Amino acid sequence: MKQRLITGIIAGALFLGLCLLGGWSYQLLLTAMALIGYYEFVKMTGTPAFRGSALLGYAAVLIFMIPWGLLGVSAPLSWEQGIWLLLLLFLLVTVFTKNKLDIRITALLFTGIVYLGMGFSYMAVARASNDGHGLFWTFLLLFCIWGSDAGAYFVGRSFGKNKLWPAISPNKTIEGAVGGVLISMIISLAFAIFVPDLLTIGRALLIGLSCAVLGQLGDLVQSAYKRVYGIKDSGSLLPGHGGILDRCDSWIIVFPFVHIVMLMPYY
């Protein structure tokens, strides 16, 4: 617990400090996190991390993370165009390697690219929001996610009796999940009360609910992956916490979701 606390304070201070700075500092941090997360994902699947189509994957993640807004230019392709071209490229890899890299491997790698690339890219989009309040929106989502995590943990430990999904994550309880939802919604309501010009009560409730539900589902997704491959943590970068995927599994689900369903400004 001591190691976990020290790591959390140091990593949290670094992350929040660069988030406050924004711009290139935060963009480079998110890009590094995306690449490390993809490395952890590739290693988890048992695929060589620096050979074959895995290298193509790192390049694709980097392309996802290009900050077109900071560069002052428009993206040459839409999300749909970029993802389809990437899919085509990975399908062709199976042909050109004569199935040395078969569809099962390339499908996994493609999934990891979209999962990590889009997840961290939307975190950058939130901070760089053109309405001039990117820090507000970023902190809103992060605090709701963290509040949900803390609420689920402490409520689950204190009152948890009914298992939520024991086949995937045996320690999570229904009571903890409900506690996480309530805490997240209370936090989002607090944001709306203090800054009513940016966030209505109705939208705050929807964002709080989305952060809690999608955040917990994101955590279960990562638990399911790790259970398939028989590992406890995705990496060891953060002592006491595991890897980037272990710490950011909720973030990279929540940030794209709230943008795609238009719960917060995209442009």
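The values are calculated or read from the model by the stated rules, or taken from the named source; none is laboratory data. These figures come from a predicted structure and were not determined experimentally. Cβ: placed from backbone, ideal geometry, glycine included. Neighbour counts: every protein chain shown. Please note that ligands, DNA and RNA were not included when accessible areas were found on the heavy atoms of the full protein model with its side chains. Shrake-Rupley method; radii C 1.70, N 1.55, O 1.52, S 1.80 Å.
If R0 is 41 Å, what FRET efficiency do you get for Phe96 and Lys232 from their C-beta distance, rounded to 0.05? Provide the component values of the computation, followed by the final result.
Numbers: r = 36 Å, r/R0 = 0.89.
About 0.65, to the nearest 0.05.
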> Which of the lysines could be linked to Lys232 by a straight reach, that is with a Cα gap under 19 Å, when you skip same-chain ones fewer than 8 residues away?
Replying inline: Lys43, Lys172
> Which sequence of Phe154, Phe64 reflects their accessible areas, 1.4 Å probe, from the largest down?
Replying inline: Phe154, Phe64
> What full-extension length gain, to one decimal in nm, is calculated for Thr200 and Leu71 as 0.36 nm per residue of separation minus the Cα-Cα distance?
Replying inline: 43.2 nm
>> Under the rule a/c < 1.5 gives rounded, and otherwise a/b versus b/c splits prolate from oblate, where does segment 23-83 land using the Cα gyration tensor?
In response: oblate
>> Explain nothing, just compute: Karplus ³J(HN,Hα) = 6.51 cos²θ - 1.76 cosθ + 1.60, θ = phi - 60°, for every residue of segment 177-193 in order, whole Hz, x for Gly and Pro.
In response: 4, 5, x, x, 5, 5, 4, 4, 5, 5, 5, 5, 5, 4, 4, 5, 5
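From largest accessible area down, sort Val228, Val42; use a 1.4 Å probe on the protein chains. List each step's numbers first, then the result.
Details: Val228 110, Val42 0 Å².
Largest accessible area first, the list is Val228, Val42.
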> Taking a ≥ b ≥ c as the square roots of the eigenvalues of the Cα gyration tensor of segment 1-136, is the shape rounded (a/c under 1.5), prolate (a/b larger than b/c) or oblate?
Replying inline: oblate
>> With equal scatterers on the alpha carbons only and no solvent term, can you work out the Debye log10 of I(q)/I(0) for segment 196-259 at 0.15, 0.23, 0.26 1/Å?
In response: -0.55, -0.91, -1.04
> Given H placed on each backbone N at 1.01 Å, which residues far from Thr173 in sequence or on other chains put an amide H within less than 5 Å of it?
Replying inline: Leu164
> Relative contact order for the chain using alpha-carbon pairs under 8 Å, separation at least 6, rounded to a whole percent?
Replying inline: 21 percent
>> Residue by residue through segment 13-26, what is 3J(HN,Hα) from phi via Karplus (6.51 cos²θ - 1.76 cosθ + 1.60, θ = phi - 60°)? Round to whole Hz and write x for glycine and proline.
In response: 5, 5, 5, 5, x, 6, 5, 4, 5, x, x, 5, 4, 5
> On the first, second and third principal axes, largest extent first, how far apart are the outermost C-alpha atoms of segment 149-244 in Å?
Replying inline: 48, 32, 20
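Per residue, how much accessible surface does the chain expose to a 1.4 Å probe? Answer in Å², no decimals. Working shown, then result.
Values: 13830 Å² over 267 residues.
On a per-residue basis, the chain sits at 52 Å².
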> What do you reckon, how do Tyr26, Tyr225, Tyr153 stack up by accessible area (1.4 Å probe), largest on top?
Replying inline: Tyr153, Tyr225, Tyr26
>> Taking the full set of protein chains and a 1.4 angstrom probe, give the accessible area of Leu5 in square angstrom, rounded to the nearest 10.
In response: 110 Å²
> Of the residues Glu175, Glu40, Glu80, which exhibits the maximal mean-square fluctuation in a Gaussian network model of the chain defined by a 10 Å Cα contact cut-off?
Replying inline: Glu80
>> Please report the accessible area of Ile186 (heavy atoms, 1.4 Å probe, ligands and nucleic acids excluded) in Å², nearest 10.
In response: 100 Å²
> Out of Gly117, Gly156, Gly132, any idea which swings most in a Gaussian network model of the chain, alpha carbons joined below 10 Å?
Replying inline: Gly132
> Which of the cysteines found in the chain have nothing to pair with, since no other Cys Cβ lies under 4.7 Å from theirs?
Replying inline: Cys19, Cys248
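Report, in debye and to the nearest 20, how large the dipole of the chain comes out about its Cα centre when Lys and Arg carry +1 and Asp and Glu carry -1 on their Cβ.
800 debye
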> Carbon and sulfur atoms: what percent of the 1.4 Å accessible area of segment 116-203 do they account for?
Replying inline: 68 percent
> When the chain is fully extended, how far beyond the present Cα-Cα distance does Ser78 get from Tyr153, taking 0.36 nm per residue of separation?
Replying inline: 23.1 nm
> Once phi is turned into ³J(HN,Hα) by the Karplus curve 6.51 cos²θ - 1.76 cosθ + 1.60 with θ = phi - 60°, what whole-Hz value does each residue of segment 46-62 show in order, with x for glycine and proline?
Replying inline: x, 7, x, 6, 10, 9, x, 6, 4, 5, 4, x, 4, 4, 5, 4, 4
> Based on the alpha-carbon gyration tensor of segment 64-200 and its eigenvalue square roots a ≥ b ≥ c, which shape applies: rounded if a/c is under 1.5, prolate if not and a/b is larger than b/c, or oblate?
Replying inline: oblate
> Roughly speaking, what is the stretch gain from Ile6 to Ile186, that is 0.36 nm per residue apart minus the C-alpha to C-alpha distance, in nm to one decimal?
Replying inline: 62.0 nm
> Considering only protein heavy atoms and a 1.4 Å probe, what is the carbon-and-sulfur percentage of the accessible area of segment 218-267?
Replying inline: 64 percent
> Any idea what % of Cα-Cα pairs in the chain are farther than 24 Å?
Replying inline: 51 percent
> How many angstrom separate the Cα center of segment 21-74 from the Cα center of segment 204-252?
Replying inline: 18 Å
